Amino acid sequence: MRRMEEGERSPLLSQAAAGQEQHFTMNSSLPLSHPGPAVQDDQVEAWDCPCCPGTEAQAWRKAWAPSRPLSTWSSCVKYLIFLCNFLFSVLALLALAAGLWGLSVKGSLGNDWGRPLPPDPMLGLMLGGLAVSAVSLAGCLGALCENSCLLRCFCGALLACLLLEALLGALVGAFWGPLQAGLEHILRVAIIHYQDDPDLRFLLDQVQLGLRCCGAASYQDWQQNLSFNCSSPGVQACSLPASCCINPQEGGDVVNTQCGFGVLHLDEDAAGRVVYLQGCGPTLQRWLRENMWAVGCTAVTIFLIQGTQLLLAIWLLKALAAQKVAKDIEPDPWELPAPPCPLGRDEKEPPCRLSSRALTSQG
């Protein structure tokens, strides 16, 4: 009788197993919108195959699940960072384009190194525009896309800029006296190379016209220029640039470029009626002392703007980190159910879900 019972139960067991396999196939083809209990991590690790039920849908849902929205204050910080850096990036890109245009027109990109004067100002404009545009674009895109990596790069660059500016300010304050004394030396070098660079000539002319001065210490410093020296065979011998003249336009609308011709031949009283006798070194030092507060306030304002952007970026990074933590611990109500357990399951197999028919058979 025991053999007959076993023989009679074996077809039933096979039918039940077949029913379980059919039920398992139907469950595995359920749409993503079918609700059910979440797939546990130990189940996914135990299956360890991309074709197992639920693992592919779970990975897809985790990758494309909508993130939790930021708070109102965090959203305001996000768009404030975006707008500020967008403005700075536009200005920096314009400076970069101007620097590249100036270098291409003059063709002086590789010809300014190794000279006694600093390289072309257009090169500094290009490098500054490139650096500022890179940092601003990192902050702009990092805030708009809520990208923590770009925001960290933006914070690191801002922190480095703040440290360098603080170090530069400390050095200027510590060596203010020697720097003022070095202004005359810089002006003398600029006078010697006056005809070598049109940008240098323009800057020196603007300094002499704006400060109403001539030369470094006095108008006689132009003797150091080979073209204006009295021993020069050229037509500009014993002359001065038009920017040294008291009235360079001489009542007209066009600058008289010959207003300083032959002035170095004259005595000091006669020359004082035509050109400025005082050098630009003492005048520039006096101008810096009078406008030190304006220069300092400008530097402090730039420092505060950068520091505020750094604090806002750190705030946004903390908000994004909190958003990620909340997303990780939040349960997903749309996970696929676990696969059903076959009959005769071994205890070493991964966890599964028992159907009502299997529970009845085991009971």
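The values are calculated or read from the model by the stated rules, or taken from the named source; none is laboratory data. Just so you know, these numbers come straight off a predicted model, no measurement behind them. Ideal geometry is used to build each Cβ from the backbone, glycine not excepted, and the neighbour counts take in all protein chains shown. Ligands, DNA and RNA are excluded from the accessible area calculation, which covers all protein heavy atoms including side chains. Shrake-Rupley method; radii C 1.70, N 1.55, O 1.52, S 1.80 Å.
The listed residues L183, L103 rank as L183, L103 when sorted by accessible area, largest first, using a 1.4 Å probe. Residues of region 297-321 falling in the label zone of R152, defined by backbone nitrogen less than 18 Å from a point 7 Å along Cα to beta-carbon, are 310-321.
Ligands, DNA and RNA aside, K318 has an accessible area near 140 Å² when probed at 1.4 Å. Applying a DSSP loop filter and a limit of 16 other Cβ atoms within 10 Å to the trypsin sites (Lys or Arg not before Pro) in region 232-300 leaves R273. Of the residues E184, E250, the one with the largest accessible area comes first in the ranking E250, E184, computed with a 1.4 Å probe on protein heavy atoms. Placing V325, V235 in order of accessible area, with the largest value first and a 1.4 Å probe, yields V235, V325.
When a/c reaches 1.5 or more, the comparison of a/b and b/c decides; with that in mind, is region 150-216 rounded, prolate or oblate per its Cα gyration tensor? Taking the square roots of the gyration eigenvalues as a ≥ b ≥ c, region 150-216 is prolate.
In the assembled protein chains, T257 presents an accessible area of approximately 100 Å² (probe radius 1.4 Å). The calculated FRET efficiency for the pair N247 and A299, based on their C-beta separation and a Förster distance of 41 Å, comes to about 0.65.
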